[in-house]
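Engineer: I am attaching a structure below and will ask some questions about it afterwards.
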């Protein structure tokens with residue numbers, strides 16, 4: 001639908017004839033728009049750069065900001081953004097209000113030492129004739145990453161050099177040069193073999209699925225079998241499809257000592273309760289897009305989010321299940337140590353006026369703020385309860401969309 005070829009005239013004089021770039025999708029990082037220069041005189045262009053408020057940017061960039069949102073987004077922060085701070089309001093432990101929390105139940109699994117691991121790739125997400133991964137890591141009995149230099153990796157398709165990319169540590173990427181991709185035939189599933197230099201306790205494997213683009217993400221692994229020392233330990237492991245972008249860490253941990261059996265979930269249902277639409281979604285990754293605020297141009301936030309299953313029980317959501325983009329106001333060069341971080345969304349302190357228990361993030365140009373919930377196994381969500389930002393109501397969310405990443 002977008003314009004490809006354009007001719008522009010000024011006072012009847014042609015100033016541009018040619019192609020213009022397409023607008024970015026909301027998951028891409030390229031800046032939107034074309035610049036058509038009336039002149040290439042450097043002195044004029046320098047004067048424009050110094051005086052055009054749309055190009056002004058006197059904020060000092062920090063390394064952490066550039067690492068998180070990318071240099072192009074930092075340079076594009078809205079000029080004139082008002083300062084927001086809760087620097088001196090970090091709650092004291094003595095004054096901290098009572099909050100309902102859900103704790104993880106730890107399980108101890110006993111695993112023998114492993115010398116060789118076979119990963120049989122049994123299915124992908126639909127791409128014809130292709131299957132691949134972005135990266136993987138082995139975890140020891142303390143959930144620490146095992147040094148990749150203590151192991152070798154190979155694939156039965158002969159792409160040993162390419163399979164080495166799986167251990168290079170560049171896992172949050174869209175570059176095909178940092179991923180492994182091979183041909184796929186369901187009758188002859190490819191196998192990845194990992195040989196450890198000495199027997200080692202391996203508790204689990206962290207996977208990053210193939211993520212070159214939203215289309216090529218369908219070449220990612222969907223089902224795999226795991227064997228250790230020639231013995232099958234986990235069959236039909238379901239790996240979620242990568243999102244096709246890198247706005248959050250899409251790692252998936254598979255604990256081979258206690259990996260749950262995946263039971264098929266019932267068909268999603270939808271019904272209305274007193275005018276409230278309750279939709280049951282079978283989810284692995286889903287996102288909330290904050291489309292607009294109640295008036296603030298620069299910031300948007302929430303008090304908290306709660307998820308409930310089909311028995312109306314609150315779903316345990318831990319820090320590893322949550323991501324936000326932008327993470328919080330702390331990504332701004334002028335802000336550091338603000339307590340309104342994204343983890344406050346799941347701390348249980350939702351009915352509060354205390355800003356340090358809320359989440360606030362900047363509104364970036366041509367971007368929607370997003371909140372991601374990421375699960376390693378399918379989860380049935382029947383109800384989502386959202387608590388809006390209470391400290392400054394104009395910064396609360398007005399329009400929101402909920403979608404599943406397929």
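The values are calculated or read from the model by the stated rules, or taken from the named source; none is laboratory data. Because the structure is predicted, anything quoted here is derived from the model rather than measured. Here the Cβ is made from the backbone with ideal geometry for all residues, glycine too, and neighbour counts use every protein chain on show.
Engineer: Just the residues that are within 16 Å of residue 127 (Cβ to Cβ) and surrounded by fewer than 16 Cβ atoms within 10 Å (Cβ to Cβ), please, taken from the range 168-224.
Structural biologist: Within the range 168-224, 183, 185, 186, 215 meet the criteria.
Engineer: Could you check how many residues of the range 333-350 are within 19 Å of the chain's Cα centre (by Cα) and closer than 11 Å to residue 361 by Cα?
Structural biologist: 2
Engineer: Taking only the range 171-200 into account, find how many residues are free of Cβ contacts under 8 Å to residues at least 24 places away in the same chain and under 29 Å from the mean Cα position of the chain (by Cα).
Structural biologist: Count: 1.
Engineer: Take residue 211 and decide whether it is touching a helix residue (DSSP H, G or I) at 6+ places or on another chain (Cβ under 8 Å), assigned to a loop (DSSP other than H, G, I, E, B) and farther than 18 Å from residue 131 by Cβ. Quick ask: steps written out before the conclusion?
Structural biologist: Working: touching a helix residue (DSSP H, G or I) at 6+ places or on another chain (Cβ under 8 Å): yes; assigned to a loop (DSSP other than H, G, I, E, B): yes; farther than 18 Å from residue 131 by Cβ: no.
The answer is no for residue 211.
Engineer: Residues that are modelled with pLDDT under 80: which strands (runs of 3 or more DSSP E) entirely in the range 234-321 hold 3 or more of them?
Structural biologist: Working: elements: 252-255, 270-273, 276-279, 281-293, 299-308.
In the range 234-321, 270-273, 276-279, 281-293 are the strands (runs of 3 or more DSSP E) which contain 3 or more residues that are modelled with pLDDT under 80.
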